[in-house]
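Below is a structure I'd like to ask you about.
Each reported figure results from applying straightforward, stated rules to the coordinates on display, with no laboratory input. Note that the coordinates shown come from a computational prediction; the quantities given were computed from them, not determined experimentally. So basically every Cβ, Gly included, is an ideal-geometry build from the backbone, and we count neighbours across all protein chains shown.
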Amino acid sequence: MRNIYEKKQVAENVYMITECTEAGGPGVNMFLVVGKNRALLFDSGFGVVDTLKKEIETITDMPITCVVGHGHPDHVGGAPLFDDVYMNRKDEMLLPVSLSYERRMEDVFGRGEVDSELFEYAKEHIVDPGGKTFKWKHIGMGEIIELDDDIFEVFEIPGHTQGSIALLNRKKDYALISDAVGVRTALVNLPQEKRVGMELYRDGLENFLRNTTEKTVFWYGHSREPLPYSVATDMLKALNEVLEGQLENDKESNSPFAKRKAAQGKKMMEHKSGQVTLVYDANLL
């Protein structure tokens, strides 16, 4: 079976590890920051094979602290491989589905041409959390992770999921953002009170941007290159436009997230602003 992990050093002591279940595809990124006595892994991929720890050992043999950026299958699936795991508790409700065999196999192998060898291997070697969840600890807004000279500050940016977080390294001016913001961001699991979830996302993103600059490098979950700062500012603009009722050009969304079971009964719409698309539930406005 081919090695589904690709590694690239993107900064001093920082490695991008991309889980490429589709040969030649964009893959899903996780980031390994290597300290003097331990290493930090941000996100963990789908975990459809059990070889991530071995892949990390080609870079470092230090103990690993794994921080999950949010609770979707492509970011939390490999986390049960590790003993020291942190995640925001607001995403605990996602774990039974996100960690299920059926959901992860469908996400990886149910959308186009299938790598039959990888498929057969995954059926026997998918990361098994031993039930519907695994041991993890809560991490939240303002908490600090110290890794020798690298100090990371936790920012909650609830939107893509209610427990989405980013880690900011102020000294080296970069952030690990998972899917907290992207060119296309879908808001499917917001609180059900009118406007509350949208306002929480806006406020969280606005606060994060106040603590960063145009020079801050954003390492994102689904791009081999840093996410342009302007994507985040465009998303903030999109949120304000939707909250202000500028919806005349919005259309019904046909995105994969709009077709999920979690979106059933919701009126998923798309709002475009600059280079971004915001997918939201119009029933919550």
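Need the failing condition index for ALA186 against (1) closer than 18 Å to PHE218 by Cα; (2) in contact with a helix residue (DSSP H, G or I) (Cβ under 7 Å, 6 or more places away or on another chain), just the number.
(1)
Looking only at segment 160-201, filter to residues that are assigned to a loop (DSSP other than H, G, I, E, B) and of a type in the set (D, E, K, R); which one of those is nearest to ASP234 (Cα to Cα)?
ASP179
Among the candidates GLY265, GLY245, GLY204, single out the residue that is touching a strand residue (DSSP E or B) at 6+ places or on another chain (Cβ under 8 Å), small (Gly, Ala, Ser) and either under 22 Å from ASP91 (Cα atoms) or outside any strand (DSSP E or B) (or both).
Matching residue, one of GLY265, GLY245, GLY204: GLY204.
Same structure again: Could you look through segment 128-155, keep only residues that are within 26 Å of MET198 (Cα to Cα) and in contact with a helix residue (DSSP H, G or I) (Cβ under 6 Å, 6 or more places away or on another chain), and pick out the one that is surrounded by the most Cβ atoms within 10 Å (Cβ to Cβ)?
Restricting to residues being within 26 Å of MET198 (Cα to Cα) and in contact with a helix residue (DSSP H, G or I) (Cβ under 6 Å, 6 or more places away or on another chain), the top hit is PHE155.
Continuing with the same structure: Please go through segment 77-112 and pick out each residue that is among the hydrophobic types (A, V, I, L, M, F, W, C) and over 20 Å from GLY25 (Cβ atoms).
ALA79, LEU81, PHE82, VAL85, MET87, MET93, LEU94, LEU95, VAL97, LEU99 - these are the residues of segment 77-112 that are among the hydrophobic types (A, V, I, L, M, F, W, C) and over 20 Å from GLY25 (Cβ atoms).
A follow-up question, please. Which of (1) surrounded by fewer than 22 Cβ atoms within 10 Å (Cβ to Cβ); (2) farther than 25 Å from ARG2 by Cβ; (3) of a type outside the set (Lys, Arg) is the odd one out, the single condition GLU55 does not satisfy?
Here GLU55 meets the rest and fails (2).
Rundown of residues vs (1) touching a residue at least 24 places away in the same chain (Cβ under 8 Å); (2) under 23 Å from LEU32 (Cα atoms); (3) in contact with a strand residue (DSSP E or B) (Cβ under 9 Å, 6 or more places away or on another chain), yes/no style:
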{"site": "SER116", "(1), (2), (3)": "no, no, no"}
{"site": "PHE119", "(1), (2), (3)": "no, no, no"}
{"site": "GLY159", "(1), (2), (3)": "yes, no, yes"}
{"site": "GLY163", "(1), (2), (3)": "yes, yes, yes"}
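TYR280: without any contact (Cβ under 8 Å) to a residue 60 or more places away in the chain, surrounded by 16 or more Cβ atoms within 10 Å (Cβ to Cβ) and among the aromatic types (Phe, Trp, Tyr), yes or no?
no
Taking the residues in segment 99-144 that are of a type in the set (Gly, Ala, Ser) and part of a loop (DSSP other than H, G, I, E, B) as candidates, determine which candidate is nearest to GLY47 (Cα to Cα).
Going through the qualifying residues, I end up with SER100.
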